[in-house]
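Q: My questions all concern the structure below.
Coordinate-derived values only; no laboratory data. Only a predicted model underlies this, so the values are computations on that prediction, with no experimental measurement involved.
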Amino acid sequence: MSEIRLSDVSARAASRSVRRGIAVVVAVSTVLIAATLALWAVWGPAVFYEVILAGIAACF
């Protein structure tokens, strides 16, 4: 029989954790891009551009 080593189990758990983290980042990025496109479609490029510029100006 093959032995299961603790390092193998912890490596698999770490791999799952990394994959879960990547999935969360991809999901959040997808939602942000979808929200950006929705705002662009509703408000139009000119108004949306002005909102972005105002937000950047508020940072400085």
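Q: Can you work out the Karplus-derived ³J(HN,Hα) for every residue in the range 22-36? Use 6.51 cos²θ - 1.76 cosθ + 1.60 with θ = phi - 60°, whole Hz, and x for glycine or proline.
A: Calculated HN-Hα couplings, in order: 5, 4, 5, 4, 5, 5, 5, 4, 4, 5, 5, 5, 5, 5, 4 Hz.
Q: If you don't mind, there's one more thing I want to ask. With N set to the residue count of the range 16-60, report its C-alpha Rg divided by 2.2 N^0.38 Å to two decimal places.
A: Output field value: 1.57.
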